[in-house]
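The next block holds one structure in the form of structure tokens; read it before the comments.
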Amino acid sequence: MEDIQFMQLAIALAKKGKGHVNPNPLVGAVLVKDGTIIGKGYHEQYGQLHAERNALKDCKVSPEGAVLYVTLEPCNHHGKTPPCTEAIIENGIAKVVIGTLDPNPQMAGKSVKILQEHGIEVVVGMLEEECKDLIRVFRKYITTGRPYVLMKYAMTMDGKIATYTGASKWITGEKARACVQETRNEFSGIMVGVNTVLKDDPSLTCRMENGRNPIRIICDTHLRTPLHAQVVQTAKEVPTWIATAVTDTTKKAQYENLGCRILEVPQKDGHIDLQVLMRLLGEENVDGILLEGGGTLNWSALRAEIVDAVQTYIAPKIFGGTAQSPVEGAGVALPDEGIRLENTRCISCGEDYRIESDVVYTCLQES
């Protein structure tokens, strides 16, 4: 195998940690000696061994003189586990190939320097873009203290998210819906607006085998969520947080008694301030949010500039009529004021397509 193939294996291993390591990053590691893999590992669970130590634990022969391929710069500080740089040095690793540096400005490059000071050869940047993509959620969270937000919706080829009667199940096929469940498993939180709860009464759970339910976050300025809604009735089983501007303790107590957590958020332009909400969620170690809102919340989120990427499932169907758009609100006045998307990727999901782009905020005007 070539160097690139070893790193590709490390990337594949890292992805196995999805849904289990938040708010830590996804990391994979492969140990190679004389061209043969002698150990493999990944960060499997938050608070447990990091990828490098799991790879060393997997070794059946001495790792002395081996090459370590790791997707992210090894840690050099004591946290829930000891520094991985210590394990690398103690086990006599001769060379470390790193996919990307730690995005934490207080850590970036420091481990490389430590390893080099101990005579270990270090190479940085192998399959760097792929390794950076692994930690896109972690990068946003560790550098800003706020969650990475992925806005997701499904629509037809004529841009409809429902028929003129309001029916929306199902726009996409089974494969696409399975992909959505995988994404729910990956993110710490899932967020919708109260209008989605009133219209669809969703469960907002992860329905994949051995999946993890994200924290359900309901944006509800005036606390209109029905007490009989699924998200409220199951709040003792699945964490449910309601972000509201309501301060009435009696009204809030009705939800708290059923297991909901109430987050008081000030208003801005008649709705909860989404920037403040992101700060509060970041303080609660919510590192990533899957936004599955309707058109109103989606526009508010874009206008508040909290959305980092947009994930669109497109079904090869046409509904026609005057049905809802995935992003509504006032919109922009001129084409040049539109929110720009870049780094667009497109993959097929059964009979449907998934398009994902990063958001660039340069032209959005107040409206």
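The values are calculated or read from the model by the stated rules, or taken from the named source; none is laboratory data. None of these values were measured; they are calculated from a predicted model. Neighbour counts are summed over all protein chains in view; Cβ atoms, including those assigned to glycine, are modelled from backbone coordinates with ideal geometry. To get the accessible areas, we keep the full protein, side chains included, count just its heavy atoms, and leave off ligands, DNA and RNA. Shrake-Rupley method; radii C 1.70, N 1.55, O 1.52, S 1.80 Å.
Contact order normalised by length for the chain, with contacts defined as Cα pairs under 8 Å and 6 or more residues apart; what percent is it? Please list the in-between numbers first.
Details: 807 pairs, mean separation 55.7, N = 367.
Reported as a whole number, the value is 15 percent.
Using a Förster radius of 41 Å, what is the FRET efficiency between S203 and R340 based on their Cβ-Cβ separation? Nearest 0.05, please.
Using R0 = 41 Å, I get an efficiency of 0.75.
Report the antiparallel proportion of the DSSP beta bridges in the chain as a percent, rounded to a multiple of 5.
Numbers: 26 of 62 bridges.
The answer is about 40 percent antiparallel.
Output the Cα-based Rg and Dmax of the range 276-367 in Å, rounding Rg to one decimal and Dmax to a whole number.
14.9, 43
What translational diffusion coefficient, to the nearest whole µm²/s, does the range 1-67 have by Stokes-Einstein, given a Kirkwood radius computed over alpha-carbon pairs, a temperature of 37 °C and 0.692 mPa s viscosity?
Values: Rh = 11.9 Å.
Rounded, D is 276 µm²/s.
Using the per-residue mean of other Cβ atoms lying within 10 Å as a proxy for protection, in what order, highest first, do the peptides 340-348, 172-180 fall? Provide the component values of the computation, followed by the final result.
Values: 340-348: 11.1, 172-180: 17.4.
Packing order, densest peptide first, comes out as 172-180, 340-348.
Mind telling me which of P226, P103, P23 comes out most flexible in a GNM of the chain, alpha-carbon contacts under 10 Å?
Among P226, P103, P23, the largest mean-square fluctuation in the Gaussian network model of the chain belongs to P226.
Order the peptides 285-295, 192-202 from the highest to the lowest mean number of other Cβ atoms within 10 Å of their residues.
285-295, 192-202
Identify the residues of the range 82-121 with backbone N under 13 Å of a label point that sits 7 angstrom from the Cα of E64 along the Cα-to-Cβ direction, or state none.
Flagged as within label range: 90-94.
Taking the highest mean first, how do the peptides 269-276, 119-126 order by number of other beta carbon atoms within 10 angstrom per residue?
269-276, 119-126
Counting only helical runs of four or more DSSP H residues, what would the 222 nm mean residue ellipticity of the chain come to if each run contributes -39,500 (n - 2.57) and the total is spread over all its residues? Write down the numbers at each step before the final one.
Working: 12 runs with 102 residues, N = 367.
Result for the chain: -7500 deg cm²/dmol, rounded to the nearest 500.
Report, ordered by chain and residue number, the lysines lying within cross-link reach of K175, taken as a straight Cα distance under 28 Å and ignoring same-chain residues fewer than 8 apart.
K15, K16, K18, K132, K152, K160, K199, K317
Per residue, what accessible area does the chain have, given a 1.4 Å probe and all protein chains present, in Å²? It would help to have the intermediate numbers written out before the result.
Details: 17240 Å² over 367 residues.
On a per-residue basis, 47 Å².
Given 0.36 nm per residue, what is the gain on full extension from T163 to I347 after removing their alpha carbon distance, in nm?
On the way: separation 184, 0.36 × 184 = 66.24 nm, distance 2.51 nm.
Net length gain for the segment: 63.7 nm.
When the chain is treated as a GNM, springs tying every alpha-carbon pair under 10 Å, which of A66, A162, A333 comes out with the largest mean-square fluctuation?
Taking springs between Cα atoms under 10 Å, the residue moving most is A333.
I want the local charge near P316. Using Cβ-Cβ distances under 15 Å, sum +1 for each Lys or Arg and -1 for each Asp or Glu among the other residues.
0
Quick one, can you get me the convex hull of the C-alpha atoms of the range 1-134 expressed as volume per residue in Å³?
It comes to 92 Å³ per residue, whole-number rounded.
In a shell of Cβ-Cβ distance under 10 Å around V97, excluding V97 itself, what net charge do Lys and Arg (+1) and Asp and Glu (-1) give?
-1
Take the solvent-accessible surface of the protein heavy atoms, probe 1.4 Å, and return the percent of it on the chain that carbon and sulfur atoms account for.
After summing per-atom areas, the C and S share lands at 48 percent.
Over the residues of the range 210-252, compute the C-alpha Rg and express it relative to 2.2 N^0.38 Å.
Ratio of Cα Rg to 2.2 N^0.38 Å: 1.24.
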